[in-house]
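S.K.: Dropping the structure in here first, questions after.
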Amino acid sequence: MTATQNSTTLTASDEEKYGRTSPTTYKLTPTQIQTFHSTGLVTLPSVLSPAEVTEQIIPTFDRFLHRSIPVPGKDFCDMSKPFSTPFEEWSIVNCMLPTLYHPPFQNNIFEVLTRDIVRQLHPELDMMKDYDQLLNKRPGKRDAEFAWHQDMGYWPSPKVLGVEETATCTFSLAVDDSLEENGCLRYVPGSGLEKKLREHKPLSGSRDEGHALVLDVDESKGDVVDLAICRQGSVTVHDEWVVHGSGGNRCEDRQRRTYVLAYRPREEAGAKQMS
């Protein structure tokens, strides 16, 4: 397993043309666009500044974590354990749809910048926000793992949606440094190029008992695993077919908070909501 930033090193002249070029824009390099489409994942450095993360994202994020902003039912859970697990025993805090439950968080700086980036990844499509999500791997929780999966394992198939093919961009903002030791994202580059769904099974016995699915990754059969190291304010973007997951948090004094935003074509997102 190798660690990779999966991003382009810019020259001094390139820095004026690419990256964070204004308060509301982030210009991708041709290599970054090609990497996303060929491997299924790309890491974009310094999308937000540390100050923007600290001042504009973390205060609301932590209010959700501390349950100061109420989120009903299974939209607030531990995605790695049965739904019946007491809050004090959670390893991964999962909060779905934060901008639905706290509308003042809408149109924050992360939303603004990802809207700009997604248009560059799929300029031919009318991409819109499908969902948002806050995640926290608590310190010292070695079982805070996201099992290997493809996002399409959780979602309706193109046939069910009534579309020829899907196109998803899932952005994950590193609210804290995302490193191997605190459970950064890991993935199998190119595993989704054929757009075929591998066999998934429930991690907790049934989907009624727990949310998570799992599939087998076999390096002896050609699966090569990379780590997506991501510093605070940087972002990974992955598609819906790439095989990915993440390890537990081995750090006793460090959490790993992640803010997720997913985009789909408007037609597809509407069909998903109807299915």
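S.K.: Being over 17 Å from the mean Cα position of the chain (by Cα) and among the hydrophobic types (A, V, I, L, M, F, W, C) is the filter here; which residues of region 34-51 pass it?
M.R.: Quick first cut of region 34-51, residues over 17 Å from the mean Cα position of the chain (by Cα) only: 34, 38, 49-51.
Matches in region 34-51: ALA51 only.
S.K.: Give me a count of the residues in region 63-80 that are open to solvent by 40 Å² or more (accessible area, probe 1.4 Å) and either without any contact (Cβ under 8 Å) to a residue 40 or more places away in the chain or touching a Gly at 6+ places or on another chain (Cβ under 7 Å) (or both). Before you say what the answer is, go through the steps one by one.
M.R.: Filtering region 63-80 down to residues open to solvent by 40 Å² or more (accessible area, probe 1.4 Å) leaves 63, 66-68, 70, 72-75.
From the residues that got through so far, the ones that are either without any contact (Cβ under 8 Å) to a residue 40 or more places away in the chain or touching a Gly at 6+ places or on another chain (Cβ under 7 Å) (or both) too are 63, 66-68, 70, 72-73, 75.
The qualifying residues number 8.
S.K.: Test LYS159 against the criterion of being over 18 Å from the mean Cα position of the chain (by Cα) and in a loop (DSSP other than H, G, I, E, B), and give yes or no. Please lay out each step first, then the result.
M.R.: Values: over 18 Å from the mean Cα position of the chain (by Cα): yes; in a loop (DSSP other than H, G, I, E, B): no.
Judged against the criteria, LYS159 is not a match.
S.K.: Name the residues in region 137-184 that are basic (Lys, Arg) and either touching a helix residue (DSSP H, G or I) at 6+ places or on another chain (Cβ under 7 Å) or farther than 25 Å from SER38 by Cα (or both), would you?
M.R.: So the first thing to find is which residues in region 137-184 are basic (Lys, Arg), and the list is 137-138, 141-142, 159.
The answer is LYS137, ARG138, LYS141, ARG142.
S.K.: Residues SER91, SER84: which one is farther than 23 Å from VAL235 by Cβ, open to solvent by 60 Å² or more (accessible area, probe 1.4 Å) and of a type in the set (S, T, N, Q)? Please lay out each step first, then the result.
M.R.: Details: SER91 fails: open to solvent by 60 Å² or more (accessible area, probe 1.4 Å).
Selected residue: SER84, the only one of SER91, SER84 that is farther than 23 Å from VAL235 by Cβ, open to solvent by 60 Å² or more (accessible area, probe 1.4 Å) and of a type in the set (S, T, N, Q).
S.K.: Please go through region 139-188 and pick out each residue that is open to solvent by 20 Å² or more (accessible area, probe 1.4 Å), in contact with a Lys or Arg (Cβ under 7 Å, 6 or more places away or on another chain) and modelled with pLDDT of 95 or more.
M.R.: Those that are open to solvent by 20 Å² or more (accessible area, probe 1.4 Å), in contact with a Lys or Arg (Cβ under 7 Å, 6 or more places away or on another chain) and modelled with pLDDT of 95 or more: PRO139, ARG142, ASP176, ASP177, GLU181.
S.K.: Another question about this same structure. Would you confirm, using the coordinates I've provided, whether GLY19 is within 30 Å of GLU194 (Cβ to Cβ) and modelled with pLDDT of 95 or more?
M.R.: Values: within 30 Å of GLU194 (Cβ to Cβ): no; modelled with pLDDT of 95 or more: yes.
For GLY19, the condition - within 30 Å of GLU194 (Cβ to Cβ) and modelled with pLDDT of 95 or more - is not met.
The values are calculated or read from the model by the stated rules, or taken from the named source; none is laboratory data. What you see is a predicted model; the values in this text were computed from it and never measured. Quick reminder, even Gly has a Cβ in these numbers, built from the backbone with ideal geometry, and neighbours come from all protein chains shown. Surface areas here come from the heavy atoms of the whole protein model, side chains and all, with no ligands, DNA or RNA. Shrake-Rupley method; radii C 1.70, N 1.55, O 1.52, S 1.80 Å.
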